[in-house]
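Peer 1: Mind looking over this structure? Questions follow.
The values are calculated or read from the model by the stated rules, or taken from the named source; none is laboratory data. These figures come from a predicted structure and were not determined experimentally. In this analysis, Cβ positions are derived from the backbone assuming ideal geometry, glycine residues included, and neighbour counts consider all displayed protein chains.
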Amino acid sequence: MRIRMIVQVERPSERSPGAIRQGEYTFDGTTVHVYGDDSRLIGTAKVRPGDDAGAAARKLLRESRRSSDFYAPINYPTRGIV
């Protein structure tokens, strides 16, 4: 059974409303498998007994965004009045 999760990947600021990422994970007792909102496997992580599988899954989902700038904000140059 896949468990849904939502993580904050960018805090809100004056210039941005912030950003979240949605995904799902499964846990088989030793390994967490994280899937994106498109159901593609993002990554896996070994989890030791007593560790929080949900926290490991959220970390994987949050860090997976860093590998791509596709969803990064577009910084336009400021234009003065001519």
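Peer 1: Can you name the residue in the range 36-50 that is part of a strand (DSSP E or B) and over 13 Å from the mean Cα position of the chain (by Cα) and, of all such residues, is farthest from I6 (Cα to Cα)?
Peer 2: Out of the qualifying residues, it is K46.
Peer 1: Name every residue in the range 1-29 that is within 16 Å of E63 (Cβ to Cβ) and among the polar types (S, T, N, Q), in order of residue number.
Peer 2: Q8, Q22
Peer 1: Let me ask something else. Considering only residues that are surrounded by fewer than 16 Cβ atoms within 10 Å (Cβ to Cβ) and either assigned to a loop (DSSP other than H, G, I, E, B) or at pLDDT below 95 (or both), which ones fall in the range 18-35?
Peer 2: G18, A19, I20, Q22, D28, G29, T30
Peer 1: Shifting gears a bit: Quick check on my filter: what residues within the range 30-46 are out of contact with any helix residue (DSSP H, G or I) (no Cβ under 7 Å at 6 or more places or on another chain), free of Cβ contacts under 8 Å to residues at least 24 places away in the same chain and either under 13 Å from A57 (Cα atoms) or of a type in the set (K, R) (or both)?
Peer 2: Passing the criteria: T30, T31, H33, R40, L41, T44, K46.
Peer 1: Name the single residue, out of those in the range 1-17 being more than 30 Å from I74 (Cα to Cα) and either assigned to a loop (DSSP other than H, G, I, E, B) or free of Cβ contacts under 8 Å to residues at least 24 places away in the same chain (or both), that is nearest to the chain's Cα centre (by Cα).
Peer 2: Checking each candidate, the answer is R2.
Peer 1: Working only within the range 18-40, note down all residues that are out of contact with any strand residue (DSSP E or B) (no Cβ under 9 Å at 6 or more places or on another chain) and farther than 17 Å from A55 by Cβ. Give the derivation first.
Peer 2: Step one: list which residues in the range 18-40 are out of contact with any strand residue (DSSP E or B) (no Cβ under 9 Å at 6 or more places or on another chain), which gives 28-29, 38, 40.
Correct list: D38, R40.
Peer 1: I need the full set of residues from the range 51-69 which are under 9 Å from the mean Cα position of the chain (by Cα) and at pLDDT below 85, in order please.
Peer 2: Across the range 51-69, the qualifying residues are S64, R65, R66.
Peer 1: Sort out which residues of the range 11-25 are over 10 Å from Y35 (Cα atoms) and touching a Phe, Trp or Tyr at 6+ places or on another chain (Cβ under 9 Å), and write them in order of number.
Peer 2: Going through the range 11-25, the residues over 10 Å from Y35 (Cα atoms) turn out to be 11-21.
Correct list: A19, R21.
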